[in-house]
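One structure is given below, encoded as structure tokens.
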Amino acid sequence: MQPSPVLVVTNKHDEHADHVIGVMNEREIPIFRLNTEDFPQEMSLVWHDDLATIHYHGRELRSDAVRSAWYRRPAEATTHPEIIDQGVRQVVLDECWYVLQGLYRCLDQILWVSHPDALARSKYKAHQLRLARRLGFDVPPTLFTNDPNSFRAFYADHGGQVIVKIAGRGPTTIPADKAVFTNLVDETRLANVESVQFAPHLFQAYIEKAYEVRVTIIGNDIFAVRIDSQASERTRIDWRHYDLEHTAHTAIMLPPTVAERCLSVVRTYGLVFGAIDLIVTPNDEWVFLEINPNGQWLWLEELTGLPMTDALIRLLTSTPT
């Protein structure tokens, strides 16, 4: 009897999936990678009553044979080139989405890292901040608005030290040079303050930093990395501008209270994985920024040697085959 595979739901360009699957292959752990942009053009699905079978690149996966699932970064389906009407195309895309999402939710007896419903609950920054505050974290004063006058008042209240950031997760498949970063509100934005009315914005009071911490939780394992973002002008506001040569990344132990709060955020949302961003102020105050329920972590492992891949594979294979 063949061992049950781990299902990996992602896209063709996911370096994290490439890496983890490579290690799993070396360890002879069965996996089934589902690149969702290949549905329905390169993948067939037969779902009758309670049993679904996927045929994909010469392989077959039965829904009753899945060991666990890593819901990593699925992409939008690809429609047939003969479908040129945009309305029809959108119907096809919607149908693909709902059928696959329904299938995932019928796999309700397995471990998900993390379940799509938990991911959906956890992605809203306003609620994240509210939850973090309830759990005892300090959070930055925050304003969500498309009202220019409310922004002006907020800006004045915080002495002009205000950042603007994206309220959603942003596109996940755009090139790094097109990413949306956190920025201080500058003279250009102030000169165009009326444009705030055209879309909701997320503004926060700028928090002075001694350093930042990225906390990656995988199951019950906590991996914390200190990022000395203030050592480089390029990363002072947003470390995602990356200046690895000048910004040390160091594995650290969290204070017990902070560690418990991080675990509580993840568990409250029903997640099994979470990447949490924190600021540590010059006064040693720990400030919660956000949780990315499917955040990146591979570069942290490469820089620090923290065994995140091992923890993830151990989690995915913790159920019997």
Legend entry - Percent carbon-and-sulfur accessible area, the chain, ignoring ligands, DNA and RNA, probe 1.4 Å: 51 percent
Inset, instruction - Let me know the number of lysine pairs in the chain closer than 22 Å at the Cα, not counting same-chain pairs under 8 apart. - result: 8
Legend entry - Average accessible surface area per residue within the chain, 1.4 Å rolling probe, Å²: 51 Å²
Legend entry - Cα-centred dipole magnitude for segment 1-101, charges only on beta-carbon of K, R (+1) and D, E (-1), debye, nearest 20: 340 debye
Inset, instruction - Take peptides 213-222, 136-145, 44-53 and line them up by average Cβ neighbours within 10 Å, highest first, as a rough protection proxy. - result: 213-222, 136-145, 44-53
Legend entry - Highest to lowest packing among 187-195, 5-13, scored as the average C-beta count within 10 Å: 5-13, 187-195
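Which value results for Rg/Rh of segment 1-156 when Rg is the Cα radius of gyration and Rh the Kirkwood radius based on the inverse mean 1/r?
1.09
Treat every Asp and Glu Cβ in the chain as -1 and every Lys and Arg Cβ as +1, leave all other atoms uncharged, and give the resulting dipole magnitude about the Cα centre to the nearest 20 debye.
Values: 30 positive and 42 negative charges, 137 e Å.
Rounded to the nearest 20 debye, it is 660 debye.
Once fully extended, how much extra length lies between Ala259 and Asn149, figured as 0.36 nm per residue of separation less the alpha-carbon to alpha-carbon distance?
Working: separation 110, 0.36 × 110 = 39.60 nm, distance 3.88 nm.
Taking 0.36 nm per residue and subtracting the Cα distance, the gain is 35.7 nm.
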Legend entry - Largest-first ellipsoid semi-axes for the chain, taking √(5λ) over the Cα gyration tensor eigenvalues, angstrom: 37, 26, 17
Legend entry - Kirkwood hydrodynamic radius of segment 1-69, Cα pairs, Å: 12.7 Å
Inset, instruction - Using only Cα atoms, figure out Rg for segment 211-280 and give it as a multiple of 2.2 N^0.38 Å. - result: 1.16
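Can you list the GluC sites (Glu not before Pro) in segment 1-59 that are in a DSSP coil and have 16 or fewer other beta carbons within 10 angstrom? Walk me through the intermediate numbers first.
Working: sites: Glu15, Glu26, Glu28, Glu37, Glu42; in loops: Glu28, Glu42.
Answer by residue number: Glu28, Glu42.
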Legend entry - Calculated FRET value between Arg133 and Asp186, using beta carbons and R₀ = 25 Å, to 0.05: 0.30
Inset, instruction - Considering only DSSP beta bridges where both residues belong to the chain, give the percentage that are antiparallel (nearest 5). - result: 75 percent
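When only C-alpha pairs under 8 Å and at least 6 residues apart count, what is the relative contact order of the chain, in percent? Walk me through the numbers on the way to the answer.
Details: 532 pairs, mean separation 56.8, N = 321.
This gives 18 percent for the chain.
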Legend entry - Segment Asn220-His13, extension gain: residue separation times 0.36 nm, minus the distance between their alpha carbons: 71.7 nm
Legend entry - Gain on full stretching of the segment that runs from Asp50 to Gln197 - 0.36 nm per residue minus C-alpha separation: 48.1 nm
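The values are calculated or read from the model by the stated rules, or taken from the named source; none is laboratory data. Small disclaimer: the values here were computed from a predicted structure and weren't measured. Backbone-built Cβ (ideal geometry, glycine too); neighbour counts: all protein chains shown. Heavy atoms of the whole protein, side chains included, go into the accessibility calculation; ligands, DNA and RNA do not. Shrake-Rupley method; radii C 1.70, N 1.55, O 1.52, S 1.80 Å.
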